[in-house]
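The values are calculated or read from the model by the stated rules, or taken from the named source; none is laboratory data. As the structure is a prediction and not an experimental result, all values here were calculated from the model. Positions of Cβ are backbone-derived with ideal geometry, glycine not excepted, and every protein chain shown enters the neighbour counts.
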Amino acid sequence: MTDALVQRVAGWLVDAQSVVVSTGAGMSAESGVETFRDRDGLWSKFDPSELATVEAFERDPRKVWAWYRARRQQLTTVKPHAGHRVLARWAEMLIDYTLVTQNVDGLHERAGARQVCELHGRLDLVRCAGCRHEEVTLADLGPDPHCDACGARRRPGVVWFGEMLPAEALETAMAAADRCDVLLVIGTSGVVYPAAALVEHARARGAKIIEINPNETEHSPLADARFPSSSRDTLVALDEAWRARRAAG
Ligand code: OAD
């Protein structure tokens, strides 16, 4: 990460009226949450078609719940890092700031962010597969939870492959990408749609695209600036530079 690049991007942020930040699993890697497609990522050890589809849940609900139960348990041991806190504080820097995430760990909110567009749901959300009643809890619900109200099985409140994304979060995110001057895309491989389309929308609109990711991704060819580094340190450096430039007028 060169200082010249940090300064150049800080200049774009100072000039921007509207900024979107879109995060993926790499945002939380330094908090100890596993990513999906890195060499040791979750999808290198587990088959998503057996764990992250409605069909898998219908076939073997106990197996699917056991996997999410372990991930829910892990969330009780992890904490947001300084990069999450930077992204929460950026809401004070701009009137038009939108934080979008594919992450289901809730760490942006725990770092103080409000109104996060959570495109893939939340691990701490549990939904009845029958009456759709929802509860936010990380309590251990046992090996095969059922709904108190209707008796149907309960499932994790995450979006599985083939399912629709939450309409309001998706609309808000797309509208923000269509009007932003700067979009930062952080810690995502950029292969899962429609989340990945945010970058294409912003780019088509003429926004500057900034990528923070140690590895090249599908988004890299579209980036005006690339930080091949970790989300935490890069965001802390960008935050300092943006604030210093703003203070200097
Ligand atoms: P991936 O696992 O596909 O990509 C994670 C990205 O984070 C990779 O490009 C890594 O290079 C990068 N990375 C790793 N450590 C990093 C760090 N410290 N700082 C910055 N970047 C880092 O995760 P996503 O793109 O988020 O969907 O995956 C998208 C969706 O696929 C997930 O939301 C999930 C999964 O299937 C559902 O569960 C519906």
Exercise. Within the group V33, V20, V78, which residue is of a type in the set (A, V, I, L, M, F, W, C) and within 25 Å of W242 (Cα to Cα)?
Worked result: V20
Seminar exercise, completed: Being within 23 Å of D140 (Cβ to Cβ) and crowded, with 17+ Cβ neighbours inside 10 Å narrows R62, R72 down to just R72
For this session: May I ask you to verify whether G162 is touching a residue at least 60 places away in the same chain (Cβ under 8 Å) and on the phi > 0 side of the Ramachandran plot?
Result: yes
Exercise. Considering only residues of the stretch 198-239 that are part of a strand (DSSP E or B) and within 12 Å of the ligand (Cβ to nearest atom), which is surrounded by the fewest Cβ atoms within 10 Å (Cβ to Cβ)?
Worked result: R226
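Table: residues versus (1) in contact with a Gly (Cβ under 9 Å, 6 or more places away or on another chain); (2) among the hydroxyl-bearing types (S, T, Y); (3) closer than 25 Å to R154 by Cα; (4) more than 15 Å from the ligand (Cβ to nearest atom).
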position	(1), (2), (3), (4)
F57	no, no, yes, no
Y68	no, yes, yes, no
H84	yes, no, no, no
Q102	yes, no, yes, no
G106	no, no, yes, no
For this session: Output yes when any residue across the stretch 160-178 is β-branched (V, I, T) and more than 14 Å from the ligand (Cβ to nearest atom), and no when none is.
Result: yes
Exercise. On the given criteria, is W67 without any contact (Cβ under 8 Å) to a residue 40 or more places away in the chain and farther than 23 Å from S18 by Cα?
Worked result: yes
For this session: Considering each residue of the stretch 19-51, count those that are in contact (Cβ under 8 Å) with a residue 12 or more places away in the chain and over 17 Å from the mean Cα position of the chain (by Cα), and give that number.
Result: 5
Exercise. Can you name the residue in the stretch 91-134 that is in a helix (DSSP H, G or I) and more than 16 Å from the chain's Cα centre (by Cα) and, of all such residues, is farthest from V19 (Cα to Cα)?
Worked result: E92
Problem set entry | Number of the exception - W12 against (1) within 10 Å of the ligand (Cβ to nearest atom); (2) over 21 Å from R72 (Cβ atoms); (3) surrounded by 17 or more Cβ atoms within 10 Å (Cβ to Cβ) | (1)
Problem set entry | Matching option when the condition is farther than 18 Å from R122 by Cα and either more than 12 Å from the ligand (Cβ to nearest atom) or at pLDDT below 95 (or both), among E30, E50 | E50
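Taking the stated definitions as given, is D144 of a type in the set (D, E), within 16 Å of the ligand (Cβ to nearest atom) and closer than 30 Å to F46 by Cα?
Against the criterion (of a type in the set (D, E), within 16 Å of the ligand (Cβ to nearest atom) and closer than 30 Å to F46 by Cα), D144 does not qualify.
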